[in-house]
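Here the structure is laid out as structure tokens; the discussion comes afterwards.
The values are calculated or read from the model by the stated rules, or taken from the named source; none is laboratory data. These numbers were taken from a predicted model, which means no experiment stands behind them. Quick note on the areas: whole protein, heavy atoms, side chains included, nothing else; ligands and nucleic acids left out. Shrake-Rupley method; radii C 1.70, N 1.55, O 1.52, S 1.80 Å.
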Amino acid sequence: MARPGQWPKNVLVVSVPLLDPQSWQRGALTNLVWAVTAFILTSVLVYVVNDLIDRRRDAANPARRHRPLASGRISPRVAVLFAAVVAVSLGGVLTHFTPATAWPVAAYLVLNLGYCLGLKHVPLLDVFLIASGFALRLIQGYLATDTTVSGWLLTAVFTLCLLLTLGKRRQELRTSGGVHRPALRGYTVPLTDQLMQLSAALTAGSYLLYLRDEAPLAGYASVAAVLLTPLAIFGLFRYLQLVLVHDAGENPVRIVVRDPVMVANAALWATLSGVLLIAARGAG
């Protein structure tokens, strides 16, 4: 019910500020660990609330009927008790933050409460709300490390999450025809294909502008553009290939962390990025 398979996205997105060498301080890293923990607990709380509300609809969905609440393996009463324990734990974690640095968690809870209560049934708005949740994760990471928010990188993360969510919607249309999710009535496969291509283009453009204008690379910005841009674009191409050719968009997290090509490309990108950032910090 806590969906630990989804936790890596909290670790990855909240930790994005580590791309800035200014955040490589012991106190900042400790705060980042608390930020990741806070968003893991927050997302778990949202999952439980969503599953409570949707348990009857999920029971009629072949892909979701095995969830603990939908299958009856866990009763609503036990789920409410579990949610209460998670909420108390989250409250304890948030004592490590001030209101000025904890507001992304509160905003995430408010957005997702609205999502669970009905906004997820509004086409287009549903994917924008999900992508906004990832943007809030990124902002939380910047606040935790006391570094300046990168506008272009925030835009790249937002549009990338739109791409991943649209890929999931496309796969749902392909497998179920939109029966189990009311919002899918506002989508078609050709529409999701076009929106995914637009999102991929915006992600690539925003990332290129980040490398040129905002990345803390000192005199290595041009080298980074030459080395990192092809890897970033290849990653986008590979995801589009997996979704549009192989119909593999049902679980974006699984694609990112399990597809050998994606993993190898991401590892190479991360290694080169780390080397360039260390070199830039040394030059600074």
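Where does helix 189-213 land angle-wise versus the long Cα axis of the chain, in degrees 0 to 90, nearest 10?
30 degrees
Working only with C-alpha atoms, what are the Rg and Dmax values of region 1-148, expressed in angstrom?
My reading of the Cα-based Rg and Dmax gives 16.3, 50 Å.
Please give the length that would be gained between residue 188 and residue 3 if that part of the chain were fully extended, namely 0.36 nm times their separation in residues minus their C-alpha to C-alpha distance (nm, one decimal). Intermediate results must be reported in sequence, preceding the final value.
On the way: separation 185, 0.36 × 185 = 66.60 nm, distance 2.83 nm.
Contour length minus the Cα-Cα distance gives 63.8 nm.
So what are the three principal axis dimensions of the chain from its Cα atoms, in whole Å, longest to shortest?
The principal-axis extents, from largest down, are 59, 46, 29 Å.
Mean-square fluctuation check for the chain, GNM, Cα pairs under 10 Å: which of 226, 33, 11 is largest?
Largest GNM mean-square fluctuation: 226.
Determine the shape class of region 123-260: with a ≥ b ≥ c the square roots of the Cα gyration tensor eigenvalues, call it rounded for a/c under 1.5, and otherwise prolate if a/b is greater than b/c, oblate otherwise.
Details: a/c = 2.40, a/b = 1.66, b/c = 1.44.
Prolate, since a/c reaches 1.5 and a/b exceeds b/c.
With a 1.4 Å probe and every protein chain left in place, tell me how much accessible area residue 103 has, in Å² to the nearest 10.
110 Å²
Based on DSSP H runs of at least 4 residues, each adding -39500 (n - 2.57), what is the mean residue ellipticity at 222 nm of the chain after dividing by all its residues, to the nearest 500 deg cm²/dmol? Working shown, then result.
Values: 11 runs with 210 residues, N = 284.
That comes out to -25500 deg cm²/dmol.
Return the single residue from 203, 271, 229 with maximal mean-square fluctuation; model: Gaussian network over the chain, springs between Cα atoms under 10 Å.
The residue that fluctuates most here is 271.
Express in Å², to the nearest 10, the accessible area of residue 120 obtained by rolling a 1.4 Å probe over the protein heavy atoms while all chains stay in place.
Surface accessible to solvent at residue 120 totals approximately 10 Å².
With θ taken as phi - 60° and the coefficients 6.51, -1.76 and 1.60, list the Karplus ³J(HN,Hα) couplings across region 84-90 in order, rounded to whole Hz; mark glycine and proline as x.
After applying 6.51 cos²θ - 1.76 cosθ + 1.60, I find 5, 5, 5, 5, 5, 4, 4 Hz.
Taking θ as phi - 60°, what are the ³J(HN,Hα) couplings along region 67-76 by the Karplus curve (6.51, -1.76, 1.60), each to the nearest whole Hz, with x for Gly and Pro?
For region 67-76, the Karplus curve yields 4, x, 6, 5, 7, x, 5, 10, 7, x Hz.
What percentage of the solvent-accessible surface of the chain, computed with a 1.4 Å probe over protein heavy atoms, is contributed by carbon and sulfur atoms?
Values: 9270 of 13680 Å².
Summing carbon and sulfur atoms, their accessible area is 68 percent of the total for the chain.
Hey, what do the phi angles of region 232-248 turn into as Karplus ³J(HN,Hα) couplings, whole Hz, using 6.51/-1.76/1.60 and θ = phi - 60°, x for Gly and Pro?
Running phi through 6.51 cos²θ - 1.76 cosθ + 1.60 with θ = phi - 60° gives 5, 5, 4, x, 5, 4, 5, 5, 4, 4, 4, 7, 7, 9, 9, 6, 10 Hz.
If you roll a 1.4 Å probe over the heavy atoms of the protein chains, what accessible area per residue do you get for the chain, in Å²? Could you put the intermediate results ahead of the total?
Values: 13680 Å² over 284 residues.
I get 48 Å² per residue for the chain.
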